[in-house]
Number of protein chains: 2
Amino acid sequence: MRVPFEDLRAELERVLAAVGFATDRAAVAARLFAEASLDGVGSHGLNRFPRFIRQVRAGIVDPAAKPALVESCRAWERWDGRRGAGNLNAWTCTDRAIALARLHAVGCVGLANTNHWMRGGAYGWQAASAGCALLAWTNTMPNMAPWGAREPRLGNNPLVVAVPRGAAPVVIDMAMSQFSYGRLEGLSGAGLPTPVPGGWDERGQLTTDPTAILRSGRVLPTGYWKGSALALVLDLLAMTVSGGRATREIPPDPERETGLSQVFLAIDVGRSAGSADLADRVTAVIDDLLATPPVDAGAPVRYPGEQVLRTRHENLECGVPVDEAIWREVCAL
Amino acid sequence: MRVPFEDLRAELERVLAAVGFATDRAAVAARLFAEASLDGVGSHGLNRFPRFIRQVRAGIVDPAAKPALVESCRAWERWDGRRGAGNLNAWTCTDRAIALARLHAVGCVGLANTNHWMRGGAYGWQAASAGCALLAWTNTMPNMAPWGAREPRLGNNPLVVAVPRGAAPVVIDMAMSQFSYGRLEGLSGAGLPTPVPGGWDERGQLTTDPTAILRSGRVLPTGYWKGSALALVLDLLAMTVSGGRATREIPPDPERETGLSQVFLAIDVGRSAGSADLADRVTAVIDDLLATPPVDAGAPVRYPGEQVLRTRHENLECGVPVDEAIWREVCAL
């Protein structure tokens, strides 16, 4: 089923206003949720919306809380998310990082006490559309075992990196687990294996069986020991830069996960005199990449961000694909 | 064979002075090479030294070239490495990033026209010992195929992240390929498989046979498509921030690799009023990690940087293990 983007956005806005978001904030949050689905990331768009509303009703997310500046130190600011909506907090702090980068060339914002930022890539697109490069990451509740251990003590701490290039930036948005829990659930439901090993089964064997991985709760870190190490330092930096909580201090329950720490690091790369041909130079690298002969002639090499633009265009034309049950559930909220 | 650290350092200094390095610069470069071996990273210490000297003699590395400031824009500087020694250039630019972070809380240095930085982790330890967090990365010559392709058009672009914690910081230093070429050569020579699949053989099958991977030249990106995407954005950012070359513009020959681009991003995390208990909070996370019950009782969970300290201590006591043939080769230079 497909729903026109504007209908989707307006419906989400209606529900957000109904649960206590002020008009202007409901509009931004609804746009962010709807754009996630528009861009093909429904797992952090419409599909995540019912849980978000449950969290508002349960008092995990405070719809009235706006982020507050805690400490300002030249190009570095610390903000308190006050347990408000994670996407509104992240949106605001990305804007602050951009503003700091305009002043100092580089801007760094640490955000404590926030909630799940939903689709992290959104903040990469936001910075890139302002001509800034962005490095941003979040910690999460414990959901991944450190390398060599069985018990989840690390988060899968997604990392976003964006490089501006006019209307077609390069944006990555990657968790430190090889597959997200959402993806594993989708494959498990469809009876499909993971394309590469995605975790361990209950006997401790690496497997491509998503159901077995969900049962053991042991997802594979991206690049084995490397993703485990990277998840750890991202957590430490998020805690350090924001002054907020580390993964170990976050409730290990998807419905009650709150108090996250995040970092937004923007660089105003366009301001250098030597940056006049920046977009052309990025395009030359991308063109070279796209021209690499593929292993499979039917699957040309892609760059990160390419599929998003294609999906966005198609969904604006034809409507955003939605899960009918979830759409009905949201319309009834 | 073990050589006392000071003998190793002095011998390298002698050779560097002989090939044209000024006294003070020979001392720093020798220390960096010797410390890599001291810390257990001989692949970028003594073992790499003969190739470095060949590159000096071939005119790839200019022993007299000091890095020069090209452009200064508040917290962001661009430097020209002038094809000088990669470790001296990176050392200088890490110092600049720290100095900028002292002024602006965050400091970002882009370094163009440089050479291989040897052991990247060194700059993480350097920043951490100054109380700064560091994110730093370099591009390399094309040595890794993009996801879905056979031809190497990406670098394996190592990333360094450091979190300060007194004398025991947390430091990662990871290439975007699952295994370095040095590691594959070592395993191949020893007739050992890679512990997890490390690349493709010439028939396009994922394999743990290092000899087959070296023959095909197709190393596996860290985390499959994820390492491929991350290598691309690190290359684009290195080019963008430094104004220097992208991987595609770097000669694809380990003996002639030059003109690299690097980024050094320091955050003076200790300056916040809220950072008084920073080391304790980092230690609490590390202690929690180390206390995770391991899969194999004989292999406790480790944090990145832990083994370095242990190796350094042992090698300072007992001498630095060296490959006897390489040590003799260097003594005869």
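The values are calculated or read from the model by the stated rules, or taken from the named source; none is laboratory data. Computed from a predicted structure; not experimentally measured. Heads up, the Cβs are rebuilt from the backbone with ideal geometry, glycines too, and the neighbour counts pull from every protein chain shown.
Pairs under 7 Å by beta carbon, first residue more than 7 Å from chain B (Cβ to nearest Cβ) in the range A:264-292, partner of a type in the set (K, R) and surrounded by fewer than 18 Cβ atoms within 10 Å (Cβ to Cβ), six or more apart or different chains?
A:D268/A:R102
I want to confirm something. Restricting to the range B:295-308 and keeping residues that are at the interface with chain A (Cβ under 9 Å from one of its Cβ atoms) and at pLDDT 95 or above, which single residue is surrounded by the most Cβ atoms within 10 Å (Cβ to Cβ)? If you could, list the steps in order and put the result at the bottom.
Our first condition is that a residue be at the interface with chain A (Cβ under 9 Å from one of its Cβ atoms); within the range B:295-308, this holds for B:295-296, B:299-304.
Right, trim to at pLDDT 95 or above and you get B:301-304.
Numbers: B:V301: 20, B:R302: 19, B:Y303: 23, B:P304: 25.
Checking each candidate, the answer is B:P304.
Taking the condition surrounded by fewer than 24 Cβ atoms within 10 Å (Cβ to Cβ), among the basic types (K, R) and touching a Leu at 6+ places or on another chain (Cβ under 9 Å), does A:R150 pass? Show your work before the answer.
Numbers: surrounded by fewer than 24 Cβ atoms within 10 Å (Cβ to Cβ): yes; among the basic types (K, R): yes; touching a Leu at 6+ places or on another chain (Cβ under 9 Å): no.
Spelling it out, it is not the case that A:R150 is surrounded by fewer than 24 Cβ atoms within 10 Å (Cβ to Cβ), among the basic types (K, R) and touching a Leu at 6+ places or on another chain (Cβ under 9 Å).
Here are some residues: A:D280, A:D288. Which one is surrounded by 13 or more Cβ atoms within 10 Å (Cβ to Cβ) and assigned to a helix (DSSP H, G or I)?
Values: A:D280 fails: surrounded by 13 or more Cβ atoms within 10 Å (Cβ to Cβ).
Only one candidate passes the filter, namely A:D288.
With within 24 Å of A:R310 (Cβ to Cβ), under 17 Å from the mean Cα position of the chain (by Cα), surrounded by fewer than 23 Cβ atoms within 10 Å (Cβ to Cβ) and touching a residue at least 12 places away in the same chain (Cβ under 8 Å) as the only criterion, which of A:R31, A:R2, A:R9 stands out?
Values: A:R2 fails: under 17 Å from the mean Cα position of the chain (by Cα); A:R9 fails: under 17 Å from the mean Cα position of the chain (by Cα).
Matching residue, one of A:R31, A:R2, A:R9: A:R31.
At pLDDT 95 or above, hydrophobic (A, V, I, L, M, F, W, C) and touching a helix residue (DSSP H, G or I) at 6+ places or on another chain (Cβ under 7 Å), is that true of B:L230?
Details: at pLDDT 95 or above: yes; hydrophobic (A, V, I, L, M, F, W, C): yes; touching a helix residue (DSSP H, G or I) at 6+ places or on another chain (Cβ under 7 Å): no.
When the stated conditions are applied, B:L230 does not pass them.
Scan the range B:210-239 residue by residue and report those that are among the β-branched types (V, I, T) and within 14 Å of chain A (Cβ to nearest Cβ).
In the first step, residues of the range B:210-239 are kept if they are among the β-branched types (V, I, T); the result is B:211, B:213, B:219, B:222, B:233.
Once the filter is applied, which keeps residues that are among the β-branched types (V, I, T) and within 14 Å of chain A (Cβ to nearest Cβ), the range B:210-239 yields B:V219, B:T222, B:V233.
B:L135 passes all but one of (1) buried (at least 24 other Cβ atoms within 10 Å of the Cβ); (2) within 14 Å of the chain's Cα centre (by Cα); which number fails?
Result: B:L135 passes all but (1).
Given the conditions (1) more than 8 Å from chain B (Cβ to nearest Cβ); (2) at pLDDT 95 or above; (3) out of contact with any Ser or Thr (no Cβ under 8 Å at 6 or more places or on another chain), report the number of the one that A:S242 does not fulfil.
Checking A:S242 against (1) more than 8 Å from chain B (Cβ to nearest Cβ); (2) at pLDDT 95 or above; (3) out of contact with any Ser or Thr (no Cβ under 8 Å at 6 or more places or on another chain), the one that fails is (3).
All but one of (1) crowded, with 24+ Cβ neighbours inside 10 Å; (2) closer than 28 Å to A:S272 by Cβ hold for B:A145; which doesn't?
(2)
Here are A:T211, A:T207: which of them is in contact with an Asp or Glu (Cβ under 8 Å, 6 or more places away or on another chain) and either more than 27 Å from A:G40 (Cβ to Cβ) or β-branched (V, I, T) (or both)? Write out each step before concluding.
Working: A:T211 fails: in contact with an Asp or Glu (Cβ under 8 Å, 6 or more places away or on another chain).
After ruling out the rest, the residue left standing is A:T207.
So B:V70 fits all but one of (1) over 15 Å from the mean Cα position of the chain (by Cα); (2) away from every other protein chain (no Cβ under 14 Å); (3) among the β-branched types (V, I, T); what number is the exception?
Of (1) over 15 Å from the mean Cα position of the chain (by Cα); (2) away from every other protein chain (no Cβ under 14 Å); (3) among the β-branched types (V, I, T), only one is false for B:V70: (2).
Regarding the range A:43-51, can at least one residue be identified that is within 19 Å of A:A238 (Cβ to Cβ) and buried (at least 23 other Cβ atoms within 10 Å of the Cβ)? Give the derivation first.
Step one: filter the range A:43-51 for residues within 19 Å of A:A238 (Cβ to Cβ), giving A:44.
Okay, now just the ones that are also buried (at least 23 other Cβ atoms within 10 Å of the Cβ), so A:44.
Yes; the residues of the range A:43-51 include at least one that is within 19 Å of A:A238 (Cβ to Cβ) and buried (at least 23 other Cβ atoms within 10 Å of the Cβ).
Inspect all residues belonging to the range A:154-169 and state whether any of them is within 11 Å of chain B (Cβ to nearest Cβ) and modelled with pLDDT under 95.
no
Check B:A68, B:A75, B:A22, B:A58 and return the single one that is under 23 Å from B:N113 (Cβ atoms), modelled with pLDDT of 95 or more and buried (at least 17 other Cβ atoms within 10 Å of the Cβ).
Details: B:A68 fails: buried (at least 17 other Cβ atoms within 10 Å of the Cβ); B:A22 fails: buried (at least 17 other Cβ atoms within 10 Å of the Cβ); B:A58 fails: buried (at least 17 other Cβ atoms within 10 Å of the Cβ).
On inspection, the qualifying residue turns out to be B:A75.
Within the range A:248-257, is even one residue farther than 24 Å from A:G120 by Cα and at pLDDT below 95?
Initially, the range A:248-257 is screened for residues farther than 24 Å from A:G120 by Cα, giving none.
No, the range A:248-257 contains no residue that is farther than 24 Å from A:G120 by Cα and at pLDDT below 95.
Take B:R203 and decide whether it is among the charged types (D, E, K, R), more than 9 Å from chain A (Cβ to nearest Cβ) and touching a residue at least 60 places away in the same chain (Cβ under 8 Å). Quick ask: steps written out before the conclusion?
On the way: among the charged types (D, E, K, R): yes; more than 9 Å from chain A (Cβ to nearest Cβ): yes; touching a residue at least 60 places away in the same chain (Cβ under 8 Å): no.
No: the conditions fail for B:R203.
Would you call A:P252 more than 10 Å from chain B (Cβ to nearest Cβ) and either without any contact (Cβ under 8 Å) to a residue 40 or more places away in the chain or assigned to a loop (DSSP other than H, G, I, E, B) (or both)?
Details: more than 10 Å from chain B (Cβ to nearest Cβ): yes; either without any contact (Cβ under 8 Å) to a residue 40 or more places away in the chain or assigned to a loop (DSSP other than H, G, I, E, B) (or both): yes.
For A:P252, the condition - more than 10 Å from chain B (Cβ to nearest Cβ) and either without any contact (Cβ under 8 Å) to a residue 40 or more places away in the chain or assigned to a loop (DSSP other than H, G, I, E, B) (or both) - is met.
So, in the range B:173-195, of the ones that are at pLDDT 95 or above and of a type in the set (A, V, I, L, M), which residue ends up surrounded by the fewest Cβ atoms within 10 Å (Cβ to Cβ)?
B:L192
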